[in-house]
Amino acid sequence: MAKRLEIHYTPKHGSWLNIAEIELSALTVQCLHRRIDSIEHLQREAAAWETNRNQAQKSVH
């Protein structure tokens, strides 16, 4: 597992970070609020959520 670990240093005060946090929170609340039994199921659920979110053109104010 240590061979696969990549650390990416990012600015702590970037406005993109707030947007990413908001989107991850929305994903967690709207899609991942229940047990998901496999990685494949998780990928399908997240992809469906992403498609729906993009089609609805949700924005962060």
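Given the criteria modelled with pLDDT of 85 or more and exposed (fewer than 11 other Cβ atoms within 10 Å of the Cβ), does R44 qualify? Judged against the criteria, R44 is not a match.
May I ask you to say which residue of S59, S15 is at pLDDT below 85 and under 15 Å from the mean Cα position of the chain (by Cα)?
On the way: S15 fails: under 15 Å from the mean Cα position of the chain (by Cα).
Criteria check complete, one pass: S59.
Every test in (1) modelled with pLDDT of 80 or more; (2) surrounded by fewer than 10 Cβ atoms within 10 Å (Cβ to Cβ) is passed by T28 save one, and that test is (2).
The values are calculated or read from the model by the stated rules, or taken from the named source; none is laboratory data. Since this is a predicted model, take the numbers as computed values, not measurements. Cβ coordinates were reconstructed from backbone atoms using ideal geometry, including for glycine residues, and neighbour counts include every protein chain displayed.
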